[in-house]
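Derivation of every value follows stated rules applied to the coordinates shown; laboratory data play no part. None of the values given here were measured: they were computed from a predicted structure. Using ideal geometry, Cβ is built from the backbone for each residue, glycine included, and neighbour counts are taken over all protein chains shown.
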Amino acid sequence: MSLQSQKPITLRGSAQIVVEFFEYGIHTILYQRGIYPAEDFKSIKKYGQTLLVNNDDNVKAYLKQILIQLEKWIMAKTISKLVLVISSKETREVLERWQFDIDLVKDDDITTQKKSGGANKTEKEINMEISAIMRNITASGSFLPMIDEPCTFNVLAYTEKDAEVPTTWVDSDPKIIENAEQVRLRSFSTNIHKVDSLVAYKVVD
């Protein structure tokens with residue numbers, strides 16, 4: 001009996017993994033930071049743990065629109081960063097900025113890996129890395145300031161100048177938090193993409 005070799009992850013397969021990570025990552029942040037009432041969320045099993053996803057139709061439709069476009073940008077290799085911004089509804093002040101850098105492994109590096117017989121990551125290994133980031137997000141309440149006011153969120157995408165951008169997306173300033181504290185979270189990679197994450201937040205006096 002011989003073992004079957006692990007099929008290498010394709011660009012499309014990697015893009016789908018990254019998009020799915022963002023889908024559940026955004027839901028987890030929205031729940032953990034109390035942006036919507038707890039009763040708006042339902043629990044699911046993913047990445048070997050229980051996650052909570054928002055069940056509101058408007059939120060789901062908004063996120064679906066973002067994720068569909070995100071996959072197109074990843075496939076076109078024209079996106080470098082996705083940022084989730086949490087702001088005060090009343091003052092519009094930015095309180096938290098969750099940044100996810102999306103790096104594409106160079107084609108030369110992929111070729112070198114293949115020639116050297118480098119092992120491809122399995123889905124289980126990738127899911128374990130993503131699971132560690134989800135645990136980071138869940139534990140964020142231990143160091144992030146408590147949010148005690150109604151807040152809203154929006155998503156920023158950093159794309160190349162020649163990227164195709166739908167009319168539903170508008171230009172925005174980077175929503176930088178002045179003199180922010182930053183905490184770097186875990187990262188994951190698929191051999192095609194690497195996603196690094198950090199959260200910046202306003203320091204409470």
- prompt: the chain: percent of C-alpha pairs farther apart than 32 Å?
  reply: 19 percent
task: Give me the distance between the Cα centres of the range 176-196 and the range 1-77, rounded to whole Å.
output: 17 Å
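Using 0.36 nm per residue of separation minus the Cα-Cα distance, give me the extension gain between residue 154 and residue 104 in nm, one decimal.
Gain in length upon complete extension: 15.6 nm.
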message: For 187, 142, which order do you get if you count the other beta carbons within 10 Å of each Cβ and list the fewest first?
response: 142, 187
Residue-count net charge about residue 64 - beta-carbon cut-off 14 Å; Lys, Arg +1, Asp, Glu -1: -3
- line: Assertion target for 188, 41, ordered by fewest C-beta neighbours within 10 angstrom first, is 41, 188
Estimated dipole of the range 11-201 in Debye, rounded to 20 [Cβ of Lys and Arg +1, of Asp and Glu -1, Cα centre]: 700 debye
field: Per-peptide average of other Cβ atoms within 10 Å, ordering 120-132, 56-68, 74-86 highest first
entry: 74-86, 120-132, 56-68
- prompt: Would you list 186, 33 from fewest to most Cβ contacts within 10 Å?
  reply: 186, 33
Value of [θ]222 nm, deg cm²/dmol, for the chain, DSSP H segments ≥ 4, -39500 (n - 2.57) each, nearest 500: -11000 deg cm²/dmol
- prompt: Quick one: if you stick a label point 7 Å off each Cα along the C-beta vector at residue 184 and residue 61, how many nm between them?
  reply: 4.1 nm
- request: Starting from the Cα of residue 203, step 7 Å toward the Cβ, then list every residue of the range 80-98 with an amide N under 19 Å from that point.
  value: 94-98
- prompt: What pairs in 124/175; 124/161; 89/194; 42/202; 72/161 have C-alpha atoms more than 25 Å from each other?
  reply: 124/175; 124/161; 89/194; 42/202
- request: For the range 11-201, build the charge dipole from Cβ charges (+1 Lys, Arg; -1 Asp, Glu) around the Cα centre, then report which of 138, 201, 104 sits farthest towards its positive end.
  value: 104
task: Work from the charge dipole of the range 11-201 (Cβ charges, +1 for Lys and Arg, -1 for Asp and Glu, about the Cα centre) and give the residue of 76, 126, 52 farthest towards its positive end.
output: 126
message: Relative contact order of the range 11-201, please, whole-number percent, based on alpha carbon pairs below 8 angstrom and at least 6 residues apart.
response: 29 percent
